[in-house]
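Undergrad: First, the structure itself, so that you have it in front of you.
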Amino acid sequence: MEVAIRIILFCVVLCHGGTFAEKLCFPKNFLFGVSTSAFQIEGAWNYSDKGESIWDRYTHQHPERVFDHTNADVAADSFHHLREDIKLLKELGVQYYRFSIAWSRVLPTGFSNVVSTDGVKYYNTLIDELIAAGIKPLVTMYHYDLPQSLQDLGGWTNPAVADYFKDYARVLFNTFGDRVEGWITFNEPYTFCLSGYGGNDAPGMQSSGFETYLCGHNILRAHAMTYHLYHNEMDARGFITITLDMSWMEAATKDDEDAAERARQFIFGWFAHPILSKEGDYPPVMRQRIDELSRKQNFPRSRLPVFTPEEVKSLKGTVDIIGLNTYSAYLVSEGHSKVDKTPSFQNDMNVYLRQDPTWPRSNSSWLRDVPWGFRKILNWIKETYNNPPIVVTENGVSTVPGLKDVSRVSYIDGHLRALHAAIVEDKVDVRGYTYWSLIDNFEWMRGFSERFGLYEVDYASANKRRTPRLSAAYYSNVARTSCLPTPQAVTWLRNHLQ
Ligand SMILES: *[C@@H]1O[C@H](CO)[C@@H](O)[C@H](O)[C@H]1NC(C)=O
Ligand SMILES: *[C@@H]1O[C@H](CO)[C@@H](O)[C@H](O)[C@H]1NC(C)=O
């Protein structure tokens with residue numbers, strides 16, 4: 001069957017299957033969006049005066065570390081296909097688009113002494129065209145791509161980089177703040193502080209027992225400074241938040257409840273506790289564990305930095321809504337109690353993580369489809385942090401190339417049902433859902449081998465042709481109607497299209 005025909009058929013079933021009363025509908029003001037990030041889609045890495053980022057440098061120096069030895073020099077070339085991408089967003093009928101600004105495209109030196117005319121022009125066009133299309137921009141200020149010039153100063157381990165981030169933020173607020181109403185300071189600090197300073201991601205540092213915590217500390221400082229800059233010094237017209245990430249951490253057995261909660265505190269609480277808890281500061285379990293292990297390892301002070309009382313105070317309450325990226329779930333059990341000679345985040349956290357092999361998975365080693373985990377993490381945030389408003393800034397799944405992405409339809413449908421239950425039955429205050437991603441993109445160390453797009457990108461074609469997958473038709477129906485199709489309609493589709 002032709003894809004176009006299939007998509008029409010898909011809509012006939014979804015749009016008319018079942019009466020309104022049987023359908024699950026989201027609250028009136030609930031919003032649907034999609035997400036991307038600059039490095040993963042833009043390409044044009046050296047266009048005009050754009051500066052080099054740590055991901056440019058890392059993928060150029062270490063192609064062997066990327067699964068398929070590719071880089072994002074061109075990627076989906078969204079820099080040159082901006083209007084086409086906006087057409088896709090209109091086709092989907094989403095209410096907002098979450099994208100990120102490449103720091104080194106706007107500030108080629110990394111510092112605010114030089115502002116790129118071409119960089120500003122690109123994002124101005126993107127923002128203006130989105131608004132003209134009736135789509136709200138939701139801007140991530142930092143999505144992993146630190147200017148290399150700042151990495152040369154030590155990157156996020158250097159406290160001064162927090163000040164340079166604030167300078168960059170000021171430029172963004174002054175330049176785009178008249179039209180952008182939603183800002184996200186940082187995307188997934190847990191992941192980039194751990195994988196960048198104690199794993200395989202750029203900038204490729206290997207010191208999770210030290211640098212990872214310095215990174216987190218300076219990110220939190222930069223976030224607080226930027227929040228106060230926005231609300232106290234700018235003519236703020238919107239909201240500002242940070243996006244934190246965690247897969248649901250489920251206790252493997254009843255005896256592993258402490259271990260599971262410790263994992264949640266190390267992964268999510270690390271950033272959420274200083275911002276969202278009543279008492280502020282790092283989670284007590286992190287403070288206690290890392291202080292104790294540091295002592296046993298014979299260090300004169302804790303490897304986890306200490307906030308001043310003023311910093312603790314200035315961090316509290318610095319989100320207008322909390323951003324959540326979540327994809328999957330893990331089973332957590334208690335780790336061994338050894339104190340390793342070489343300090344590490346893993347030894348400090350001290351848990352084993354695994355997944356149940358019966359949980360469905362498509363093209364990712366870790367991303368298993370576990371919708372009940374989604375409902376649980378939303379409830380955990382509600383209970384732990386006194387019911388804050390939440391926006392799901394990323395959720396999605398990767399597949400192999402191809403347009404018949406039935407497993408993606410299942411994933412989104414299952415997660416939206418879990419989300420609906422969390423909102424309607426559990427009264428979790430979720431305001432929006434953002435699918436990752438609009439189009440296929442450069443999946444960091446997985447290169448182009450994993451595809452997350454509602455639209456497939458034909459990387460071999462000269463114009464990087466975008467083609468809707470079945471999931472685009474599914475998601476568009478949800479975004480336009482704010483209701484889910486009946487389970488019968490989804491089953492019918494699965495059976496007829498598999
Ligand atoms: C930009 O990078 C490409 C490789 O992606 C290279 O072929 C080209 O020469 C570079 N252009 C400039 C102006 O440096
Ligand atoms: C995902 O698919 C690609 C082919 O596009 C393949 O090379 C890769 O091994 C797959 N990864 C997993 C984890 O299944």
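Undergrad: Within segment 221-264, which residues are in a helix (DSSP H, G or I), surrounded by fewer than 21 Cβ atoms within 10 Å (Cβ to Cβ) and not aliphatic (A, V, I, L, M)?
TA: Hits for segment 221-264 are HIS228, HIS231, ASN232, GLU233, LYS254, ASP255, ASP256, GLU257, ASP258, GLU261.
Undergrad: Taking into account only those residues within segment 47-79 that are among the polar types (S, T, N, Q) and touching a helix residue (DSSP H, G or I) at 6+ places or on another chain (Cβ under 8 Å), which is farthest from ligand 2 (Cβ to nearest atom)?
TA: Applying the filter and picking the extreme gives SER48.
Undergrad: Sticking with this one: Can you spot a residue in segment 387-401 that is surrounded by fewer than 21 Cβ atoms within 10 Å (Cβ to Cβ) and over 24 Å from VAL319 (Cα atoms)? Steps first, answer last, please.
TA: Within segment 387-401, the subset surrounded by fewer than 21 Cβ atoms within 10 Å (Cβ to Cβ) is 387-389, 400-401.
Then keep just the ones that are over 24 Å from VAL319 (Cα atoms); that gives 400-401.
Within segment 387-401, one or more residues are surrounded by fewer than 21 Cβ atoms within 10 Å (Cβ to Cβ) and over 24 Å from VAL319 (Cα atoms).
Undergrad: Here's another thing I want to ask about it. Just one of the numbered conditions (1) in a loop (DSSP other than H, G, I, E, B); (2) among the hydrophobic types (A, V, I, L, M, F, W, C); (3) over 30 Å from GLY414 (Cα atoms) is not true of VAL319; which one?
TA: (3)
Undergrad: Counting only residues that are surrounded by fewer than 21 Cβ atoms within 10 Å (Cβ to Cβ), part of a helix (DSSP H, G or I) and in contact with a helix residue (DSSP H, G or I) (Cβ under 9 Å, 6 or more places away or on another chain), how many does segment 377-386 have? Lay out the reasoning, then the answer.
TA: Going through segment 377-386, the residues surrounded by fewer than 21 Cβ atoms within 10 Å (Cβ to Cβ) turn out to be 379-380, 382-386.
Among the residues that remain, those that are also part of a helix (DSSP H, G or I) are: 379-380, 382-384.
Add one more test, that the residue is in contact with a helix residue (DSSP H, G or I) (Cβ under 9 Å, 6 or more places away or on another chain), and what stays is 379-380, 382, 384.
Final tally of qualifying residues: 4.
Undergrad: Quick test for you: out of ASP369, ASP320, ASP340, pick the one residue that is acidic (Asp, Glu) and under 30 Å from ALA162 (Cα atoms). Outline the logic, then answer.
TA: Numbers: ASP369 fails: under 30 Å from ALA162 (Cα atoms); ASP340 fails: under 30 Å from ALA162 (Cα atoms).
One residue alone meets the criteria, ASP320.
Undergrad: Just name the residue that is farthest from ligand 1 (Cβ to nearest atom) out of those in segment 430-454 that are assigned to a loop (DSSP other than H, G, I, E, B) and hydrophobic (A, V, I, L, M, F, W, C).
TA: Step one: of segment 430-454, the residues assigned to a loop (DSSP other than H, G, I, E, B) are 437-438, 440-443, 447-450, 452-454.
Checking the rest, the ones that are also hydrophobic (A, V, I, L, M, F, W, C) come to 438, 442, 448, 452, 454.
Numbers: LEU438: 23, PHE442: 13, PHE448: 15, PHE452: 23, LEU454: 27 Å.
Among those residues, the one meeting the criterion is LEU454.
Undergrad: Follow-up question, since we're still on this one. Out of segment 303-339, which residues are free of Cβ contacts under 8 Å to residues at least 24 places away in the same chain, more than 19 Å from ASP258 (Cβ to Cβ) and not β-branched (Val, Ile, Thr)? Walk me through how you get there before you give the answer.
TA: Our first condition is that a residue be free of Cβ contacts under 8 Å to residues at least 24 places away in the same chain; within segment 303-339, this holds for 306, 308-310, 336-338.
Still in the list and also more than 19 Å from ASP258 (Cβ to Cβ): 306, 308-310.
Within segment 303-339, PRO309, GLU310 qualify.
Undergrad: Quick one: which residue in ALA169, ALA202, ALA162 is surrounded by 19 or more Cβ atoms within 10 Å (Cβ to Cβ), small (Gly, Ala, Ser), assigned to a loop (DSSP other than H, G, I, E, B) and modelled with pLDDT of 95 or more? If you could, list the steps in order and put the result at the bottom.
TA: Numbers: ALA169 fails: assigned to a loop (DSSP other than H, G, I, E, B); ALA162 fails: assigned to a loop (DSSP other than H, G, I, E, B).
ALA202 is the lone residue from the list that is surrounded by 19 or more Cβ atoms within 10 Å (Cβ to Cβ), small (Gly, Ala, Ser), assigned to a loop (DSSP other than H, G, I, E, B) and modelled with pLDDT of 95 or more.
Undergrad: So, one more: Among the helices (runs of 4 or more DSSP H) lying completely within segment 22-103, list those that include at least 3 residues that are basic (Lys, Arg).
TA: Values: elements: 38-41, 54-61, 82-92.
The helices (runs of 4 or more DSSP H) meeting that bar are 82-92.
Undergrad: Still on this structure, I have one more. If the requirement is being over 20 Å from PRO203 (Cβ atoms), modelled with pLDDT of 95 or more, within 16 Å of ligand 1 (Cβ to nearest atom) and surrounded by fewer than 17 Cβ atoms within 10 Å (Cβ to Cβ), which of these qualifies: HIS60, HIS80? Working first, answer last.
TA: Working: HIS60 fails: over 20 Å from PRO203 (Cβ atoms).
From the options HIS60, HIS80, the qualifying one is HIS80.
Undergrad: Here's a follow-up. Please specify each residue of segment 450-489 satisfying the condition of being free of Cβ contacts under 8 Å to residues at least 60 places away in the same chain and of a type in the set (Gly, Ala, Ser).
TA: Residues satisfying the conditions are GLY453, ALA460, SER461, ALA462.
Undergrad: Filtering segment 63-76 down to residues that are within 11 Å of PHE442 (Cα to Cα) and acidic (Asp, Glu), which residue is surrounded by the most Cβ atoms within 10 Å (Cβ to Cβ)?
TA: Selected residue: ASP73.
The values are calculated or read from the model by the stated rules, or taken from the named source; none is laboratory data. Model, not experiment: these values are computed from the prediction. Virtual Cβ from ideal backbone geometry, glycine too; neighbours counted across all protein chains shown.
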